[in-house]
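What follows is a short report on a single structure.
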Amino acid sequence: MPSLRAEGPGERLALDDYSADFSRHFWRSGSDGFWKLERQQSFQEPGVESWEAFRKGHWDESLALIEGQRGHYEEYFQRIAGSGFALHRVRCVEEPISPYLQWELHLLHLKAQCGEDTRVLPGGDIPQYESQRPLPEIVVLGSLVMYEVLYDDAGRLAGGIRFDDPRDISRCRQAIQKMHQSGEPLDSFFSRQVARMPPPTVTEE
């Protein structure tokens, strides 16, 4: 299994710099595609309407807001396909599924229906990749650039570490690809494990 840790130095970017840098490179991901590994089981998504509704305990409203984004994501993934690349995601899922992850899996299910290629790595398979330390949150944009995405203690996006060494980028992309190959397609996991779950109980932080 190739390592998911960069060997070369990275450049730490504050949130605004990370967002701008990511936006500059995203549409140039090319045939190697976009690969993302999500490990943490809970994040904060301030400003995302469906997450805000979920956080307030308005589950039906949250799901309706997610469904209301279908047209947006259909256009978004059509544009991505027209740009010559695809989005691939590995979502680590521990059980019991956290309230946040229950919400996110509904959003990811919509994205998958619109064109994102997402697979689930179940909790029982995660330890084989974490013999020394937890997996990082990684985004690889083709062969151009890779980021370790950083979050604060509350789970809010805080910036990223950018890596440019082609060897690190290739190795980490291959590692995520192998995890993706061993994962379960999101559609089948969602139908079996998520679709019939009762509304989550949300504790305000």
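See the values below:
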item	result
Some residue of region 136-146 being among the aliphatic types (A, V, I, L, M), part of a loop (DSSP other than H, G, I, E, B) and in contact (Cβ under 8 Å) with a residue 40 or more places away in the chain	yes
Of residues in region 49-85 being closer than 30 Å to S31 by Cα and aliphatic (A, V, I, L, M), the one surrounded by the most Cβ atoms within 10 Å (Cβ to Cβ)	I66
Residue match in region 72-79 (condition: hydrophobic (A, V, I, L, M, F, W, C) and touching a residue at least 40 places away in the same chain (Cβ under 8 Å))	no
Candidate set: region 100-135, residues that are part of a loop (DSSP other than H, G, I, E, B) and either out of contact with any Leu (no Cβ under 6 Å at 6 or more places or on another chain) or more than 23 Å from Q78 (Cα to Cα) (or both); chosen: the one modelled with the highest pLDDT	G115
Candidates L15, L37 - the one that is within 18 Å of the chain's Cα centre (by Cα), hydrophobic (A, V, I, L, M, F, W, C) and either modelled with pLDDT under 95 or surrounded by fewer than 18 Cβ atoms within 10 Å (Cβ to Cβ) (or both)	L15
Candidate set from region 1-41 (those that are in a loop (DSSP other than H, G, I, E, B) and of a type in the set (G, A, S)); member that is nearest to F163 (Cα to Cα)	G10
Any hit, region 61-81, residues being of a type outside the set (A, V, I, L, M, F, W, C), at pLDDT 95 or above, within 27 Å of G33 (Cβ to Cβ) and assigned to a strand (DSSP E or B)	no
Subset of region 147-159 that is acidic (D, E) and in a loop (DSSP other than H, G, I, E, B) - its residue that is surrounded by the most Cβ atoms within 10 Å (Cβ to Cβ)	D152
Leading residue by the ranking (modelled with the highest pLDDT) among those in region 136-148 that are over 18 Å from M179 (Cα atoms) and among the hydrophobic types (A, V, I, L, M, F, W, C)	V145
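The values are calculated or read from the model by the stated rules, or taken from the named source; none is laboratory data. Every value quoted in this text rests on a predicted model; they were computed, and no experiment measured them. Glycine also receives a Cβ, built like all others from the backbone with ideal geometry; neighbour counts cover every protein chain displayed.
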